[in-house]
Amino acid sequence: MYGFDYFPDRRNTGSLKWDVAPEGVLPMWVADMDISIAPPIEEAIMKRAIHPLYGYSDEEQEELKEIVSDHYERKYGARPKTEWIVWVPSVMPGLTTCCKMQGGSFIYSVPMYNHIRMLTEETRQTVIEVPMKRDGQYRFTMDFDALERALTPEVRTFILCNPHNPVGRVYTREELEQVVGFCEKHDLLLASDEIHGELALHKPHIPMFSLSERAAAISVTVASAGKICNIPGLPMGFAIIPNPEIRERFMTEKAGTYPAFNVLTLAAYRKAFDGSCEAWKDELRHYLSENLAYLEQRIEAIPGLHMPHNEGTYLAWIDCRELHLENPGKYFLEEAAVMLSGGEVYGDPQCVRLNYGCPRSQLTEVLDRMERAVKKIC
């Protein structure tokens with residue numbers, strides 16, 4: 001058993017999540033868990049940290065590629081060849097590289113992770129945002145008819161986020177095959193952000209490169225250990241690119257942008273993928289699933305709040321439109337002392353995103369505060 005109920009004090013540690021929150025405010029916004037890292041990673045970092053030299057790291061890291069490849073075979077039954085693996089500083093630079101090498105513009109469905117929505121600024125390329133469909137149970141699906149209508153000849157890249165941030169979908173095989181068919185039909189590169197892949201909670205995650213030969217031929221799968229192992233402060237990622245022509249263009253575009261290798265990152269990533277953290281990961285997913293069940297029960301009992309069932313990630317997408325608030329995130333900050341991610345940065349200002357990757361006691365306090373704040377207006 002691991003101590004997921006233990007709450008380490010994170011203030012004054014250089015924490016983006018906590019140090020921006022005023023005293024007394026509980027920050028539940030950025031995708032950074034309030035859960036200590038797996039003991040094998042902690043031990044590996046501490047062991048490496050006491051070595052007195054911190055020299056340059058080998059940029060190829062062939063041994064680590066083997067470890068990552070082994071991990072995918074164990075976890076998903078699909079083994080990427082080591083030559084398919086290209087290191088990137090983190091997932092977002094990988095997506096930026098995809099868009100830049102393709103040129104033109106890109107397309108995706110909204111709501112969408114806010115940093116992906118910033119790609120238009122980072123690449124100086126135009127974007128087409130297409131709203132998702134939502135059924136009566138607040139379940140989100142991609143609207144392929146709307147995507148077809150919105151597409152222009154300038155679009156070169158389709159960006160997928162799976163598991164989806166912020167709506168929590170883990171896409172089915174059928175949905176992913178539909179994405180591949182859409183991209184094939186329109187000659188689009190399929191760039192798949194799978195940083196939350198190991199946080200699929202109630203259904204299996206399917207890495208894009210493993211879906212089919214057709215998917216492998218047109219896709220770049222970008223992933224990282226940052227979310228599952230709660231080490232975003234040790235940035236690093238990788239792109240899996242089976243198609244040699246796409247891989248060559250990717251590597252040419254990223255030339256001069258080196259991976260964020262450092263000796264501590266490398267120590268952490270070996271343990272993240274070599275199998276020694278699997279028991280910790282399993283228990284973490286179980287803990288998050290129990291947090292989610294509690295969260296869904298509480299949210300549905302609060303008048304005016306609704307959320308889709310979360311299939312993956314530790315991020316809840318909460319619909320507040322029945323409260324008729326101009327800015328729900330601001331309201332909960334001022335009236336509940338709870339800092340949430342405002343939905344406007346994801347494409348829907350009437351929603352908020354809540355990070356439930358935290359001790360149960362912290363989640364309980366947050367929901368108690370939110371419930372009291374809603375009762376003031378309902």
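Observations on the model:
- Contact map, segment 58-79: first residue farther than 16 Å from ALA216 by Cβ, second residue at pLDDT below 95 and surrounded by fewer than 17 Cβ atoms within 10 Å (Cβ to Cβ), Cβ cut-off under 8 Å, separation 6 or more or different chains; pairs are GLU59/TYR258.
- Matching residues, segment 351-378, being open to solvent by less than 40 Å² (accessible area, probe 1.4 Å) and assigned to a loop (DSSP other than H, G, I, E, B): TYR356, GLY357, CYS358, PRO359
- Total residues in segment 51-78 satisfying the condition of being open to solvent by 80 Å² or more (accessible area, probe 1.4 Å) and either outside any loop (DSSP other than H, G, I, E, B) or among the charged types (D, E, K, R) (or both): the figure is 7.
- Under the condition of being surrounded by fewer than 19 Cβ atoms within 10 Å (Cβ to Cβ) and of a type in the set (S, T, N, Q), the residues counted in segment 311-346 number 1.
- Considered as a group, the residues in segment 177-199 that are closer than 17 Å to THR152 by Cα and among the acidic types (Asp, Glu) include one that is least open to solvent (accessible area, probe 1.4 Å), and that residue is GLU184.
- Segment 97-127: number of residues that are more than 21 Å from the chain's Cα centre (by Cα) and open to solvent by less than 50 Å² (accessible area, probe 1.4 Å): 6
- 3 or more residues open to solvent by 20 Å² or more (accessible area, probe 1.4 Å), over 30 Å from ASP368 (Cα atoms) and in contact (Cβ under 8 Å) with a residue 12 or more places away in the chain: qualifying helices (runs of 4 or more DSSP H) within segment 205-310: 213-218, 244-253, 263-273
- Lone unmet requirement of (1) in contact (Cβ under 8 Å) with a residue 40 or more places away in the chain; (2) over 23 Å from ALA272 (Cα atoms) for TRP18: (1)
- Condition check for VAL167: within 26 Å of ALA217 (Cβ to Cβ) and either touching a helix residue (DSSP H, G or I) at 6+ places or on another chain (Cβ under 6 Å) or open to solvent by less than 30 Å² (accessible area, probe 1.4 Å) (or both): no
- Meets criteria (open to solvent by 50 Å² or more (accessible area, probe 1.4 Å) and either under 29 Å from HIS286 (Cα atoms) or of a type in the set (Asp, Glu) (or both)) for HIS202: yes
- Members of segment 86-96 that are of a type in the set (Gly, Ala, Ser) and either part of a helix (DSSP H, G or I) or open to solvent by less than 10 Å² (accessible area, probe 1.4 Å) (or both): GLY94
- Taking the numbered list (1) surrounded by fewer than 19 Cβ atoms within 10 Å (Cβ to Cβ); (2) within 22 Å of the chain's Cα centre (by Cα); (3) in a helix (DSSP H, G or I) in turn, TRP18 passes all entries but (1).
- Count - residues of segment 130-154 that are farther than 25 Å from GLY342 by Cα and either acidic (Asp, Glu) or open to solvent by 10 Å² or more (accessible area, probe 1.4 Å) (or both): 10
- Residue pairs meeting the criteria (Cβ under 7 Å; at least 6 apart or on separate chains; first within 13 Å of TRP317 (Cα to Cα), in segment 328-345; second surrounded by fewer than 21 Cβ atoms within 10 Å (Cβ to Cβ) and among the hydroxyl-bearing types (Ser, Thr, Tyr)): none
- Residue in segment 178-190 that is in contact with a Cys (Cβ under 8 Å, 6 or more places away or on another chain) and either over 30 Å from ASP282 (Cβ atoms) or in a strand (DSSP E or B) (or both) present: yes
The values are calculated or read from the model by the stated rules, or taken from the named source; none is laboratory data. Not measured: the values here are computed from a predicted model. Glycine gets a Cβ as well: all are built from the backbone with ideal geometry, and neighbour counts include every protein chain shown. Note: accessible area is taken over every heavy atom of the protein model, side chains too, but ligands, DNA and RNA are not part of it. Shrake-Rupley method; radii C 1.70, N 1.55, O 1.52, S 1.80 Å.
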